[in-house]
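My structure is below; once you've seen it, I'll send some questions.
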Amino acid sequence: MLRESPGCGHPGRHPAAPSARPLARRDPDPARSEGPAVSQQLVLESVLTCPNCGLAARETMPTDACVFFYECGGCRTLLQPRHGDCCVFCSYGSVKCPPIQQGGDCCAPS
């Protein structure tokens, strides 16, 4: 739709103002990505929660070592990884350990 635009000072017809509601345009190939790849940032803090007393403690995870044992500051229970988990952060933490976040194996020999 074309309409006269009295405010621009240029004679002639101009396109109508865009509608107030933006239109979504879909990419025919959703697998194609435009722009730089977004790198995933590691989360290095995790909240460990003791299964015995429920105490929650914020701890910083090491990036160069595994934590197999953690002593609860409340009840002094010695936490160990559950069967199938690689470390106490993967078992009792709010965030998995850095190697798992990166999609690798925790503490795998190099």
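For region 56-74, name all the residues that are in a loop (DSSP other than H, G, I, E, B) and over 25 Å from the mean Cα position of the chain (by Cα). Working first, answer last.
The first filter runs over region 56-74 and keeps only residues in a loop (DSSP other than H, G, I, E, B), leaving 61-69, 72-74.
Within region 56-74, F69, C72, G73, G74 meet the criteria.
Could you tell me whether A56 is surrounded by fewer than 11 Cβ atoms within 10 Å (Cβ to Cβ) and of a type in the set (A, V, I, L, M)?
No.
Hey, could you check region 59-74 for residues that are of a type in the set (G, A, S) and at pLDDT 95 or above and say which is surrounded by the fewest Cβ atoms within 10 Å (Cβ to Cβ)?
So the residue we want is G73.
Would you be able to tell me the number of residues in region 75-101 that are out of contact with any Ser or Thr (no Cβ under 6 Å at 6 or more places or on another chain), part of a loop (DSSP other than H, G, I, E, B) and surrounded by 13 or more Cβ atoms within 10 Å (Cβ to Cβ)? Steps first, please.
At the first step, the residues of region 75-101 found to be out of contact with any Ser or Thr (no Cβ under 6 Å at 6 or more places or on another chain) are 75-80, 83-84, 86-88, 90-91, 96-97, 99-101.
If we keep only those that are part of a loop (DSSP other than H, G, I, E, B) as well, we get 75-77, 80, 83-84, 86-87, 96-97.
Narrowing further to those that are surrounded by 13 or more Cβ atoms within 10 Å (Cβ to Cβ): 77, 80, 86-87, 96-97.
Residues meeting the conditions: 6.
Listed here are the residues, each with its yes/no results for (1) out of contact with any strand residue (DSSP E or B) (no Cβ under 6 Å at 6 or more places or on another chain); (2) of a type in the set (S, T, Y); (3) within 16 Å of L42 (Cα to Cα).
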{"residue": "P62", "(1), (2), (3)": "yes, no, yes"}
{"residue": "C72", "(1), (2), (3)": "yes, no, no"}
{"residue": "H83", "(1), (2), (3)": "yes, no, no"}
{"residue": "V88", "(1), (2), (3)": "no, no, no"}
{"residue": "K96", "(1), (2), (3)": "yes, no, yes"}
{"residue": "I100", "(1), (2), (3)": "yes, no, yes"}
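Exactly one of these conditions fails for L23: (1) touching a strand residue (DSSP E or B) at 6+ places or on another chain (Cβ under 8 Å); (2) at pLDDT below 95. Give me its number.
Result: L23 fails condition (1) only.
The values are calculated or read from the model by the stated rules, or taken from the named source; none is laboratory data. All of these numbers come straight from a predicted model, not from anything done at the bench. Glycine gets a Cβ as well: all are built from the backbone with ideal geometry, and neighbour counts include every protein chain shown.
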